[in-house]
Amino acid sequence: MSDAVVLMAYGSPERVSDVPAYYADIRGGRAIAPEHLADLVERYRRLGIEDSNPLNEITERTRAALSERTGLPVYTGMKHWTPHIADAAEEAIAEGADRIAGLVLAPHYSRLSIDGYRAQLERAVDRRAELTFIDSWHDQPLFIDVLASKVRGTDAHVVFTAHSLPARILEEGDPYEDQLLETSRLVAEAAGVRDWSFSFQSESPTGEPWLGPDILDHLAALHADGVEQVLVCPVGFVSDHLEIRWDIDVEAQEKADALGMRLERIDMPNDDAAFISALAAIVEGAL
Ligand code: FEC
């Protein structure tokens with residue numbers, strides 16, 4: 001069989017002028033409040049992505065490194081931006097793939113997030129190749145080692161974080177929160193870290209309750225308990241996303257400063273060699 005990988009990511013606008021169309025794609029046709037759009041444009045602008053976005057270069061480096069490491073053709077497909085997941089699938093099939101592994105650059109499964117990637121990929125492949133979709137890889141040992149190496153030996157209280165989701169997923173029996181806590185526990189154990197906790201981040205203003213606690217409230221609670229130093233380890237993200245560079249590096253940092261706490265965060269895995277080895281093992285296991 002001729003194997004290929006479709007490596008999927010959320011997607012990020014290439015330049016500030018892309019933000020309205022990008023946000024419209026995320027909202028899937030539902031209304032966008034003008035102040036929410038203005039706020040999002042401002043966040044990207046303040047991160048300096050006026051004309052180009054370094055995150056997309058990181059994703060390309062990750063793709064190239066995974067291809068080199070596995071010896072397989074790897075095609076990048078974005079959920080909410082270009083190149084779309086359908087473009088990646090089309091290219092893989094045009095170049096002769098008859099078995100495709102679908103891997104999302106997000107380790108934890110939720111119906112609300114990962115099923116969207118799966119649906120786009122299945123629709124695009126349309127049974128023209130055998131498809132092996134990887135739902136989650138939150139406990140993959142090499143991935144756990146990558147994160148453990150980033151928190152091992154710290155004196156700070158480690159706060160593991162991930163993107164929040166609407167709280168209704170719990171009533172639907174969604175495994176997202178359990179998987180996040182499992183990753184956090186495994187990383188803490190592997191690193192010998194005893195002083196840790198978990199909180200969510202990056203809640204969106206959609207008008208319904210989201211999973212908590214949010215990191216900003218959590219920092220205040222930790223401070224009230226006498227914690228002075230935190231190391232943030234965002235287990236739900238693997239790259240330098242807006243959620244990291246804004247929600248942690250700006251918002252959480254400002255909150256910590258106001259509380260008189262010291263806040264640091266781990267360097268994200270991005271295209272680290274050890275992380276690429278973890279991705280390669282996941283793909284090889286699936287194929
Ligand atoms: O440019 C970048 O670096 C940002 C990329 C980005 C990632 C990401 C990850 C996740 N999201 C998840 C769920 C939701 C839900 C909504 C939602 C809204 C946004 C908005 C932006 C955005 N997300 Fe995101 N998310 C990223 C970007 N996300 C921008 C819209 C503005 C805002 O709310 O700040 C609510 C949608 C709605 O309005 O109905 C739900 C989940 C993840 C982690 C898994 C994954 O990466 O796929 C879950 C990266």
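Suppose R0 equals 41 Å; then what is the FRET efficiency for ALA221 and ALA119 from their Cβ-Cβ distance, rounded to the nearest 0.05? Present the calculation step by step, with values, prior to reporting the outcome.
Values: r = 38 Å, r/R0 = 0.92.
Computed FRET efficiency for ALA221 and ALA119 comes out at 0.60.
For a protection proxy built on the mean count of beta-carbon atoms within 10 angstrom, sort 230-238, 57-65, 77-85, 21-29 highest first, please.
Descending mean neighbour count gives 230-238, 77-85, 57-65, 21-29.
Grab the beta carbon distance between SER17 and ARG111, set R0 = 41 Å, and tell me the FRET efficiency rounded to 0.05.
After rounding to 0.05, the efficiency reads 0.80.
By how many degrees, 0 to 90 and rounded to 10, does the Cα axis of helix 114-125 deviate from the longest principal axis of the chain?
Rounded to the nearest ten degrees, it is 10.
Once both axes come from the Cα atoms, what is the angle between helix 54-70 and the longest principal axis of the chain, in degrees from 0 to 90, rounded to 10?
So the inclination is approximately 60 degrees.
So what is the accessible area of the chain per residue, in Å², with the probe set to 1.4 Å?
Ligands and nucleic acids excluded, the figure is 44 Å² per residue.
Would you mind counting up the charge near PHE237? Only other residues with Cβ under 11 Å from its Cβ, with Lys and Arg at +1 and Asp and Glu at -1.
Details: positive: ARG245, ARG265; negative: ASP240, GLU243, ASP247.
Result for the neighbourhood of PHE237: -1.
In a shell of Cβ-Cβ distance under 13 Å around HIS84, excluding HIS84 itself, what net charge do Lys and Arg (+1) and Asp and Glu (-1) give? Write down the numbers at each step before the final one.
Values: positive: LYS79, ARG123; negative: ASP25, ASP87, GLU90, GLU91.
So the surrounding residues net to -2.
Compute the length gained on full extension between ASP195 and GLU130: take 0.36 nm times their separation in residues and subtract their Cα-Cα distance, giving the result in nm to one decimal. Could you put the intermediate results ahead of the total?
Details: separation 65, 0.36 × 65 = 23.40 nm, distance 4.49 nm.
The ASP195-GLU130 span can extend by a further 18.9 nm.
Assuming a ≥ b ≥ c are the square roots of the Cα gyration tensor eigenvalues, decide whether segment 111-172 counts as rounded (a/c under 1.5), prolate (otherwise, with a/b larger than b/c) or oblate.
Values: a/c = 4.02, a/b = 1.71, b/c = 2.35.
Judged from the Cα gyration tensor, segment 111-172 comes out oblate (a/c at least 1.5, b/c at or above a/b).
Relative contact order of segment 150-287, please, whole-number percent, based on alpha carbon pairs below 8 angstrom and at least 6 residues apart.
On the way: 173 pairs, mean separation 42.7, N = 138.
It rounds to 31 percent for segment 150-287.
Apply the Karplus parameterisation 6.51 cos²θ - 1.76 cosθ + 1.60, with θ equal to phi minus 60°, to every residue of segment 140-150 and state each ³J(HN,Hα) to the nearest whole Hz, in sequence, with x for glycine and proline.
5, x, 5, 5, 4, 4, 4, 6, 4, 5, 8
Would you kindly derive the ³J(HN,Hα) couplings of segment 71-86 from the backbone phi angles with the Karplus curve 6.51 cos²θ - 1.76 cosθ + 1.60 (θ = phi - 60°), listing them in order in whole Hz, with x for Gly and Pro?
Per residue, the Karplus-derived 3J(HN,Hα) values read x, 10, x, 10, 10, 8, x, 9, 5, 10, 8, 8, x, 6, 4, 5 Hz.
Rounded to the nearest 5, what % of the DSSP beta bridges within the chain are antiparallel ones?
5
Out of the total accessible area of the chain (probe 1.4 Å, heavy atoms of protein only), what percent is carbon and sulfur? Walk me through the numbers before you get to the answer.
Values: 5910 of 12730 Å².
Carbon and sulfur: 46 percent of the exposed surface of the chain.
The values are calculated or read from the model by the stated rules, or taken from the named source; none is laboratory data. Note that the coordinates shown come from a computational prediction; the quantities given were computed from them, not determined experimentally. Every residue, glycine among them, receives a Cβ derived from its backbone with ideal geometry; neighbour counts consider all protein chains shown. The accessibility values were calculated without ligands, DNA or RNA, using every heavy atom of the protein model including side chains. Shrake-Rupley method; radii C 1.70, N 1.55, O 1.52, S 1.80 Å.
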